[in-house]
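Comments concern the structure below.
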Amino acid sequence: MIALNNSRALRNNAFAWLLLLPSLVFLGLFTFYPMYKTLLLGFYRKDITSFTPEFIGLENYATMMRDATFWKVMFNNIWFALGTVPTSIALALVMALFANRVTKASYWVRTAFFSPTILPMIAVANVWLFIYTPEYGLLSRLLKYVGKGGLNWLGDPDLVMWAMIIMIIWKEAGYFMIFYLAGLQNVPKDLYEAADMDGVSGWTVFRKITFPLLMPTTLFVMIVALTNSFKWVDHLWSMTKGGPDNASNLLLFYIYEHAFVFWDQGMAAALTVVMIILMLFLAALQFFGLDRKIHYN
Amino acid sequence: MRYLIKLAYLCMFAVSVLWAVPLLWIIWMAIRPKSEALSPRITFDFTFDNFVNVWQAVPFDQYLVNTLIIVVGIFGVQLITVTMAAYAFARVNFIGKSVIFLIFLMQIMVPNDILIFPNYLIIGEMGLIDTKLAIMLPFLASSFGVFLLRQAFMGIPMDYDEAATMEGLSRWQIIWRIYFPLGRPVYMAFGLVAVSYHWNNFLWPLIVTNSVENRPVTVGLAIFGLSMETGAQWSEVSAATLIVILPLLLAFLVFQRQFLNSFMHSGIK
């Protein structure tokens, strides 16, 4: 009997591992091996001057800490996250409340809000390039009436981050809206009916019922938004190249520059390690701190 | 109070119009004669010349075919890897399940987007720089797809397995003849999200390709845009941008509900 059980368990295991094998091979090659590789290469000097890698310990990290541009890029990223995350979430919530109630033109409303989500970032960049261009861009043409048509949104270090933030909010608010739309479906209807019978005002209903019940959605969307603010850099390539004077540069684009523009591979690897740690931190935040409502198993 | 609500509705309608403006603006630019691109006047002559010019000047047909091959290739392989792994997680008891689960979770926590540099080195070691395969390889396993499908598979009654076993089907056959067809709505959801993601992906294809034969349409667009910095070519860049976004945009306009449902799933792990 035990022997039979054993052979069945063995067959089960073999079958499962066989099913998992293809996925594991790709995960190993393109998720785990690169993490190991970048960790290792981060301890080496490998750039145009030294083509054979030279072990330098923590030198790359020390250089990074002294690099004013690195800190600027990190602060840009935090600034970028602060600018995009709360605003796009708040807007998404309002959009969802509206789209959920609206009966006429509901197709139009959802289409208008959601369509930016399915556009490639690189196309979005082109579209907004034609909005931000001084004198001829759409925004400049409108601002001409208040005498501000000459503002160089992408060329002015003080304005460029705002320009990026507005564009990203436009791009992702509609995406977050659909999670709130789903969340709203799960709010029990009788709660609203009870509130209605008691004559509770709409604002109170929102504050005491809707918003608290949507909290899991809000937390989830927040993590996605935070992650996006580190992942989205395509637009920089065609809009600003991180400029002017690194005013719009973000961490992932900084990695790209080190790897493929300056060819400083050791530093690119070390920066990637920083990025991985950041991502793991965000995941931990979600997993241990905020995500008690959503279970994986 | 009622007026206040009416006012709020009106405001949100205005916002929805505002949200459509950027897209309408690029359409407007693309169908206007080149000579009118920068003029402040509003006239009503329209033309398709910009599209024709772009189509003749840039191999967008080749780029579109490349993107199509890449997207279909990735999704085709994903269908297989994802189905197999999802079945293992949903229906087979094996040693180390939770560890393997964590390994899969890692791909969601550390997405491929941020590993572009080390993955470029690995593709280089494989000698695959400037191939379509290079663009596809890092995405051929999808933990997101596995988790999504695992959830669906767990909802399929075990009776089906038992009945099929009685009929003499092996477990391998059960996967493809029973679970695979029953999972169709989830494959749809996963498919739309995956296809949109890979159609739109830019930075990774940019760094691993450098020829017209392998470049996807996003990279082609970016390079075209870069060569047209001056305002005189606005109309053409707008037309090119529209060519790139039109396939997905049209699909979205027709299958709006499916798109919204699918992207909703992208949040449920």
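Just one residue in the set B:LEU226, B:LEU206, B:LEU260 is over 15 Å from B:TRP55 (Cα atoms) and surrounded by fewer than 16 Cβ atoms within 10 Å (Cβ to Cβ); that residue is B:LEU226. Of the candidates A:PHE113, A:PHE51, the single residue that is of a type outside the set (Ser, Thr, Tyr), at pLDDT below 95 and surrounded by fewer than 21 Cβ atoms within 10 Å (Cβ to Cβ) is A:PHE51. If only residues of the stretch A:180-198 that are under 14 Å from A:PRO212 (Cβ atoms) and without any contact (Cβ under 8 Å) to a residue 24 or more places away in the chain are counted, the one that is surrounded by the fewest Cβ atoms within 10 Å (Cβ to Cβ) is A:PRO188. One residue alone among A:PRO157, A:PRO188, A:PRO134, A:PRO120 is at the interface with chain B (Cβ under 8 Å from one of its Cβ atoms) and of a type outside the set (Val, Ile, Thr), and that residue is A:PRO120. Within the stretch A:78-100, the set of residues being under 22 Å from the mean Cα position of the chain (by Cα), touching a residue at least 40 places away in the same chain (Cβ under 8 Å) and either within 8 Å of another protein chain (Cβ to nearest Cβ) or closer than 18 Å to B:PHE259 by Cβ (or both) comprises A:ALA92, A:MET95, A:ALA96.
In the set (1) more than 17 Å from A:LEU19 (Cα to Cα); (2) at pLDDT 90 or above; (3) in a helix (DSSP H, G or I); (4) of a type outside the set (Lys, Arg), B:PRO185 fails one condition alone, (2). The set of residues in the stretch A:131-153 that are surrounded by 20 or more Cβ atoms within 10 Å (Cβ to Cβ) and in contact with a Ser or Thr (Cβ under 7 Å, 6 or more places away or on another chain) contains only A:THR133. Taken as a whole, the condition of being within 13 Å of another protein chain (Cβ to nearest Cβ), outside any loop (DSSP other than H, G, I, E, B) and in contact (Cβ under 8 Å) with a residue 24 or more places away in the chain does not apply to A:LEU27.
Determine which single condition B:GLN78 fails, assuming it passes every other condition in (1) buried (at least 19 other Cβ atoms within 10 Å of the Cβ); (2) at pLDDT below 95. Among (1) buried (at least 19 other Cβ atoms within 10 Å of the Cβ); (2) at pLDDT below 95, the lone unmet condition for B:GLN78 is (2). Within the stretch B:193-211, being more than 9 Å from chain A (Cβ to nearest Cβ), touching a residue at least 24 places away in the same chain (Cβ under 8 Å) and not polar (S, T, N, Q) holds for B:VAL193, B:ALA194, B:VAL195, B:HIS198, B:TRP204, B:PRO205, B:VAL208. Of the candidates A:LYS171, A:LYS208, the single residue that is part of a helix (DSSP H, G or I) and farther than 27 Å from A:LEU236 by Cβ is A:LYS208. Name the one entry in B:PHE190, B:PHE252 that is closer than 30 Å to B:ALA152 by Cα, within 11 Å of chain A (Cβ to nearest Cβ) and crowded, with 20+ Cβ neighbours inside 10 Å. Within the list B:PHE190, B:PHE252, the selection yields B:PHE252. The criterion of being more than 14 Å from chain B (Cβ to nearest Cβ) and over 25 Å from A:SER229 (Cβ atoms) does not hold for A:THR69.
Looking at the structure I just gave you, is B:VAL17 among the β-branched types (Val, Ile, Thr), over 21 Å from B:GLU236 (Cα atoms) and either exposed (fewer than 13 other Cβ atoms within 10 Å of the Cβ) or without any contact (Cβ under 8 Å) to a residue 60 or more places away in the chain (or both)? Spelling it out, B:VAL17 is indeed among the β-branched types (Val, Ile, Thr), over 21 Å from B:GLU236 (Cα atoms) and either exposed (fewer than 13 other Cβ atoms within 10 Å of the Cβ) or without any contact (Cβ under 8 Å) to a residue 60 or more places away in the chain (or both). Scanning the stretch B:207-230 for residues that are within 24 Å of A:PRO116 (Cβ to Cβ) and more than 16 Å from the chain's Cα centre (by Cα) yields B:GLY220, B:LEU221, B:ALA222, B:ILE223, B:PHE224, B:GLY225, B:LEU226, B:MET228.
Hey, does the stretch B:34-51 have a residue that's within 13 Å of chain A (Cβ to nearest Cβ) and among the charged types (D, E, K, R)? Yes, the stretch B:34-51 contains a residue that is within 13 Å of chain A (Cβ to nearest Cβ) and among the charged types (D, E, K, R).
Checking the stretch B:155-168 against the condition returns no match, with no residue being within 12 Å of chain A (Cβ to nearest Cβ) and surrounded by fewer than 21 Cβ atoms within 10 Å (Cβ to Cβ). Does A:SER248 count as assigned to a helix (DSSP H, G or I), in contact with a Ser or Thr (Cβ under 6 Å, 6 or more places away or on another chain) and buried (at least 21 other Cβ atoms within 10 Å of the Cβ)? Considered against the rule, which asks whether it is assigned to a helix (DSSP H, G or I), in contact with a Ser or Thr (Cβ under 6 Å, 6 or more places away or on another chain) and buried (at least 21 other Cβ atoms within 10 Å of the Cβ), A:SER248 comes out as no. For B:ASN214, the conditions (1) free of Cβ contacts under 8 Å to residues at least 60 places away in the same chain; (2) farther than 27 Å from B:VAL254 by Cβ; (3) touching a helix residue (DSSP H, G or I) at 6+ places or on another chain (Cβ under 8 Å) all hold with the exception of (1). Answer with yes or no whether A:THR103 is out of contact with any Leu (no Cβ under 6 Å at 6 or more places or on another chain), among the hydroxyl-bearing types (Ser, Thr, Tyr) and either touching a residue at least 60 places away in the same chain (Cβ under 8 Å) or more than 9 Å from chain B (Cβ to nearest Cβ) (or both). So A:THR103 fits the description; yes.
Does any residue of the stretch B:82-89 turn out to be over 25 Å from the mean Cα position of the chain (by Cα) and either farther than 24 Å from B:LYS132 by Cα or not basic (Lys, Arg) (or both)? Within the stretch B:82-89 (the criterion being over 25 Å from the mean Cα position of the chain (by Cα) and either farther than 24 Å from B:LYS132 by Cα or not basic (Lys, Arg) (or both)), the answer is yes, since at least one residue qualifies.
The values are calculated or read from the model by the stated rules, or taken from the named source; none is laboratory data. Computed from a predicted model, the values in this text were never measured in an experiment. When we count neighbours, we look across all protein chains shown, and the Cβ atoms used for this are built from the backbone with ideal geometry, even at glycine.
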